[in-house]
Structures are given as C-alpha cells and as structure tokens.
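The values are calculated or read from the model by the stated rules, or taken from the named source; none is laboratory data. Keep in mind it's a predicted model, so treat the numbers as computed, not measured. Here the Cβ positions follow ideal geometry from the backbone for every residue, glycine too, while neighbour counts run over all protein chains shown. Just so you know, the surface numbers come from the protein's heavy atoms only, side chains and all, with ligands and any DNA or RNA stripped out. Shrake-Rupley method; radii C 1.70, N 1.55, O 1.52, S 1.80 Å.
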Amino acid sequence: DGLTLKPWSRAMEKFLRSYGGDPSRILDCCRRIILFQSVEDMLKCMEILVNDPEMKVLRIRNRLDIRHSARDSAGFRNVVVNVCVRSAEALRLGVENHICELQLTLQAFAERVTPSSHRRYQILRNCRQGLHVVS
C-alpha cells in the first residue's frame, strides 16, 4: 500500500554516517509514496497539505525542480514533504511531533524504478557518503 518503515539498519547508517549521531535528524522512519498521474494533481495535493490545519509541513524538497542536481538522487525525481499530523487523535496519542515523509511521485517515474536501478542508487549513495555497505 506504499506505507513503509525505514529498515533499522538504514536508520543506523544515517544516524552514524550522515547525522553525526543526532537521531532527531532522521525524518523518514515512517514514509508513504503517493503516486500522481500529473504534476497538476501533485500540486493540488501539496496545496491541500499546506492548508490543512491538522498538518504541519516542516520541509519540502522539490526534486522535480530543474535546479535540483540529478546526481543527488541518481536521476530520480519526486517531491518529498516532511509533515507532522496535529489532529485530535495524534494529540491524544502523544504523536503530534512524530515526523512522517510523504514521497509525491509521478506514476511515470515510479514505473521506471526496478530493483536493480534502486540497488545502483544505494551503491552510489553509499559511495558518495564514503561508506559502502553491501547487504
């Protein structure tokens, strides 16, 4: 259904290698991919997110922007939105500060991702960060 939790091993890699031991910088432990047929549909979704009083948008990374370096994402393009849910239910459960990542992705891009292309991205990412982890 598109909802995933970051694997523990990857969270530890980011914690140690990329974030200097600061766990508060890991923003994508809970994530969901949302697929869109068009950029217009994606923009409508972003507008809803930004204007929803029960959502707090913390960060938007627009990897569709032509100024975004394709090298950072191995050529993959999407929009990543980090949010906190501030609903009555979230407040009741005490999770209103839990950060979730929404990966807004065009269907046409998602269809081109294969296990081997994702693995190449992982290898590139690990080499770029100075550590190669093979699993």
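Database remark: amide H of residue 58 closer than 5 angstrom to the amide H of 82, 83, 84 (H placed geometrically; neighbours at sequence offset of 5 or more, or on other chains; Pro and chain starts carry no H). Legend: calculated FRET efficiency, residue 87 to residue 114, from the Cβ-Cβ distance at R0 = 30 Å, rounded to 0.05, equals 0.25. Sorted largest first by accessible area at a 1.4 angstrom probe radius, with every protein chain in place, the residues 36, 109 fall in the order 109, 36.
For residue 78, the residues whose amide H sits under 5 Å from its own are 63, 64, ignoring neighbours fewer than 5 places away on the same chain, with H placed 1.01 Å from N.
For residue 51 and residue 71, a Förster radius of 22 Å and the Cβ-Cβ distance give a FRET efficiency of 0.10, rounded to the nearest 0.05.
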